[in-house]
Structures are given as C-alpha cells and as structure tokens.
1. Could you go through region 34-45 and let me know if any residue there is basic (Lys, Arg), part of a helix (DSSP H, G or I) and in contact with a Leu (Cβ under 7 Å, 6 or more places away or on another chain).
2. Inspect all residues belonging to region 5-17 and state whether any of them is part of a strand (DSSP E or B) and either out of contact with any Leu (no Cβ under 6 Å at 6 or more places or on another chain) or open to solvent by less than 90 Å² (accessible area, probe 1.4 Å) (or both).
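The values are calculated or read from the model by the stated rules, or taken from the named source; none is laboratory data. Quantities reported herein were computed from a predicted structural model and do not represent experimental measurements. Using ideal geometry, Cβ is built from the backbone for each residue, glycine included, and neighbour counts are taken over all protein chains shown. With ligands, DNA and RNA removed, areas are computed over all heavy atoms of the protein, side chains included. Shrake-Rupley method; radii C 1.70, N 1.55, O 1.52, S 1.80 Å.
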Amino acid sequence: MGMISYGPLFKTMQEKGITSYRLQQMGFNRSTYYSIKTGKSISVNTVAHLCKLLECRVEDVIEYVDED
C-alpha cells in the first residue's frame, strides 16, 4: 500500500521563500498546516487552496509514494 507525501509542498514553499507564518498571513489555516506537518490527511479543497496561494500545481503540493 502506498501513501501521500507532502514533501513537494515543503520544497515548493522553500523554493518560493514562503514560511508557514507567511502562508498563514495569506489566509491558510495554521491548524491545517500543522496537520500536514504531522502527516494527517487533508481534503482536495485544501490542496486546491494551497495551489492557489502558492501559484503551483497539485504535484507541487502532494505526491503518491509506493511503499512496496
């Protein structure tokens, strides 16, 4: 079974120079950000919101990792 990784999100944020604090200032919920940091699942709407705020594509936020 595989899993979703948020590694691309943190890489995209770093590349764009956007901190978690800046993301919060842009209107992203802090508790949702901490859920992502701890690997909890998020909704497709949350992924879409991140894509809009970061002006990026879905694959710049999440990726599927095969654990086999």
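1. At the first step, the residues of region 34-45 found to be basic (Lys, Arg) are 37, 40.
Checking the rest, the ones that are also part of a helix (DSSP H, G or I) come to 37.
Next cut, in contact with a Leu (Cβ under 7 Å, 6 or more places away or on another chain) only: none.
No, because not a single residue in region 34-45 is basic (Lys, Arg), part of a helix (DSSP H, G or I) and in contact with a Leu (Cβ under 7 Å, 6 or more places away or on another chain).
2. So far as region 5-17 goes, yes, one or more of its residues are part of a strand (DSSP E or B) and either out of contact with any Leu (no Cβ under 6 Å at 6 or more places or on another chain) or open to solvent by less than 90 Å² (accessible area, probe 1.4 Å) (or both).
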